1. Could you tell me which residue of segment B:130-153 is farthest from residue A:199 (Cα to Cα), considering only residues that are within 12 Å of chain A (Cβ to nearest Cβ) and assigned to a loop (DSSP other than H, G, I, E, B)?
2. Which members of segment B:260-273 meet the condition of being on the phi < 0 side of the Ramachandran plot and either of a type in the set (Phe, Trp, Tyr) or modelled with pLDDT under 90 (or both)?
3. Can you find a residue in segment A:226-237 that is of a type outside the set (A, V, I, L, M), closer than 22 Å to residue A:80 by Cα, surrounded by fewer than 17 Cβ atoms within 10 Å (Cβ to Cβ) and more than 14 Å from chain B (Cβ to nearest Cβ)?
4. Take the residues of segment A:160-183 that are over 19 Å from the mean Cα position of the chain (by Cα) and over 17 Å from residue A:107 (Cβ atoms): which is farthest from the other protein chains (Cβ to nearest Cβ)?
5. Would you say residue A:247 is crowded, with 20+ Cβ neighbours inside 10 Å and either without any contact (Cβ under 8 Å) to a residue 60 or more places away in the chain or out of contact with any Lys or Arg (no Cβ under 9 Å at 6 or more places or on another chain) (or both)?
6. Run residue A:176 past the list (1) touching a Pro at 6+ places or on another chain (Cβ under 8 Å); (2) under 30 Å from residue A:209 (Cβ atoms); (3) among the basic types (Lys, Arg) and report the number of the one that doesn't hold.
7. Out of B:119, B:125, which single residue is assigned to a loop (DSSP other than H, G, I, E, B), out of contact with any strand residue (DSSP E or B) (no Cβ under 7 Å at 6 or more places or on another chain) and buried (at least 16 other Cβ atoms within 10 Å of the Cβ)?
8. For the condition surrounded by fewer than 21 Cβ atoms within 10 Å (Cβ to Cβ), touching a helix residue (DSSP H, G or I) at 6+ places or on another chain (Cβ under 8 Å) and farther than 25 Å from residue B:37 by Cα, what is the one hit in B:210, B:173, B:167?
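The values are calculated or read from the model by the stated rules, or taken from the named source; none is laboratory data. Just so it is clear, the model here is predicted, and its values are computed rather than measured. Every residue, glycine among them, receives a Cβ derived from its backbone with ideal geometry; neighbour counts consider all protein chains shown.
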Amino acid sequence: MSNTLALAGAPPGVLPRTIARTWRKRSVMPGFGLTFGFTLAWLTLIVLIPLATIFLKAAGMGWHEFVAVGLSPRALAAYRLSFGTAAAAALVNAVFGLLVAWVLVRYSFPGKRVVSALVDLPFALPTAVAGIALTSLYAPNGWIGQFLEPMGIKVAFTSLGITIALVFIGLPFVVRSVEPVLADLGKDVEEAAATLGASRYQTFSRVILPAIGPALLTGFAMAFARGVGEYGSVIFISGNMPGKTEIAPLLIVTQLEQYAYAGATAIAVVMMLASFAVLLLINWIQAVNRRRMGA
Amino acid sequence: MISVRNITKRFGSYAALHGIDLDIEPGEFIALLGPSGSGKTTLLRIIAGLEFQDSGQVLFDGDDVSSLKVADRHVGFVFQQYALFRHMTVAENVAFGLQVKRRRDRPTRAAIRDRAEELLRLVQLEGLGGRYPGQLSGGQRQRVALARALAIEPQLLLLDEPFGALDAKVRKDLRRWLRDLHKQMGLTSIFVTHDQEEALELADRVVVMDHGKIEQVGTPEEIYMNPATPFVSHFVGETNRVTGGSGEIHFRPHDVDVVAEGGEAVLVDNVFRKGGCWRVEGALVETSMFVEIDVDAALPQPRPGDTIRIVPRRSRQFHFEPTSNPEGGQA
């Protein structure tokens, strides 16, 4: 019935039937045309046009020049460092962010609101402040660094330091994406597992973790994406040695400072494509998961 | 035999249960019936080990299981919202209790698969083992939850409002089916419900609870015909309550004769058909107290504004506090 109504609403012959059906499906949720139009316009204005100019700029240089700059050994080392440390930091955040989310959802304790607000603080803090604070802590003569130094652990000015900075700024993503799902999971599922004889560990690994997996993956993806693009907090703690502790965003800024705009965009394009591929892959995994669960 | 001895439970300052004593024979089908907040679910959860009593004991065949964890009590529990594992297939859900057994107790893979299939056949979900819970109807999910609970071969099956989330038709079918299953498997079962019709239809014995106390334990017939307290009389079945003198008189809508003379006069307010009767809603002329009466549909339908005269065939008199012992009998 809804189909006939939808077709009656669409001018006959203007659109092929199937398209008319998809686009003009009668729904209680009004305003699809309006909201979808706004969404497209907004995304175009905010995301697509700025990104397109990068590609345009990069297209201005020849293929050889693009490869020479965008895939130079220095650039490749920077990509490796950026993506590697971002992945490591996102992984650390996945583990500890889950723990924090768990505590915030499952227990009530005095000062819970304060702890919850602390989680969001890395969002609000200027990243340079975080970078400077972390550097002074982990430098060989810093509060924490002075104890690590004798043990032969160097944090500041190494990739370990970069990872720590990225862990700091990526923490809220995992906590905030897992929290609602964990709350929604409900205690009864855990109780059901317990009545069936499962130990706490079995309940966690077989029931809870798979259920919050998608949310955890989303949090991981966001923390990862943020880490790849992070600049402010990292440049202070990384030491910025080309080929060793130079992250890709810094390389872009370096290029810009030398007025090598084309080179900067070449690196940006490579980074963007790589990030997009990773995020696309994660979204695809999520979609497969959703379809599997019949939701 | 399941014995509950003097169980008390408080949540903060709120007393959920006080001094509960109950004995359940093997093979019995028991209903815990009461309004929300009566403590029935708390009692069920304490028996399962999902909640712990402040004082008192739970005995399984004479053994105190109060300190045993839920996983070690070997009790089948069916949750109100099913609590199925959404990321597992139906068959994986059913097999979960076998999969998590310690390796030396765990059946082989093939045996687990066969057992899951057998259970799905038992709950009439053959061939749906590969589906996910999200792809099933409410009634089907309920049966998956039941099969999952039965997989660990519990002696005791506990069900928390098992039909609460289902629509009326499915509910009725499932009820009959559950009673058969209970008999067939020789289980001892306890289920919680706030639906008195469900309790009376299914249970061998009904435990009526209110405000954390047991009001009455008895067969459905005893509970319905001889309610021990005003609460039971009012909560189980439809009851007219008429106050008078030092107490109140209770009578069922269908325990009323319409007479030509004498009796009490009732001013008819509303009439509708209820099965084989006319349900008359009205007020006693003398005291203007609200009453509901069933009049045989063979008699002419009363009209709003009519006055009919009634005599309760069976009634019960309850005295006001301090004691509320029934003085049942003929009016």
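1. B:136
2. Going through segment B:260-273, the residues on the phi < 0 side of the Ramachandran plot turn out to be B:260-261, B:264-273.
Hits for segment B:260-273 are B:260, B:261, B:264, B:272.
3. Step one: filter segment A:226-237 for residues of a type outside the set (A, V, I, L, M), giving A:226-227, A:229-233, A:236.
Filter once more, so that each one left must be closer than 22 Å to residue A:80 by Cα: A:226-227, A:229-233, A:236.
Subset that is surrounded by fewer than 17 Cβ atoms within 10 Å (Cβ to Cβ): A:229, A:231.
Restricting the remaining residues to those that are more than 14 Å from chain B (Cβ to nearest Cβ) gives A:229, A:231.
Looking for residues that are of a type outside the set (A, V, I, L, M), closer than 22 Å to residue A:80 by Cα, surrounded by fewer than 17 Cβ atoms within 10 Å (Cβ to Cβ) and more than 14 Å from chain B (Cβ to nearest Cβ), one finds at least one in segment A:226-237, hence yes.
4. First, the residues of segment A:160-183 that are over 19 Å from the mean Cα position of the chain (by Cα): A:160-161, A:182-183.
If we keep only those that are over 17 Å from residue A:107 (Cβ atoms) as well, we get A:160-161.
On the way: A:160: 35, A:161: 38 Å.
Taking the candidates together, the pick is A:161.
5. Values: crowded, with 20+ Cβ neighbours inside 10 Å: yes; either without any contact (Cβ under 8 Å) to a residue 60 or more places away in the chain or out of contact with any Lys or Arg (no Cβ under 9 Å at 6 or more places or on another chain) (or both): yes.
Considered against the rule, which asks whether it is crowded, with 20+ Cβ neighbours inside 10 Å and either without any contact (Cβ under 8 Å) to a residue 60 or more places away in the chain or out of contact with any Lys or Arg (no Cβ under 9 Å at 6 or more places or on another chain) (or both), residue A:247 comes out as yes.
6. Failed condition: (1).
7. Details: B:119 fails: assigned to a loop (DSSP other than H, G, I, E, B).
Checking each option against the conditions leaves just B:125.
8. Details: B:210 fails: farther than 25 Å from residue B:37 by Cα; B:167 fails: farther than 25 Å from residue B:37 by Cα.
Being surrounded by fewer than 21 Cβ atoms within 10 Å (Cβ to Cβ), touching a helix residue (DSSP H, G or I) at 6+ places or on another chain (Cβ under 8 Å) and farther than 25 Å from residue B:37 by Cα holds for just one of B:210, B:173, B:167, which is B:173.
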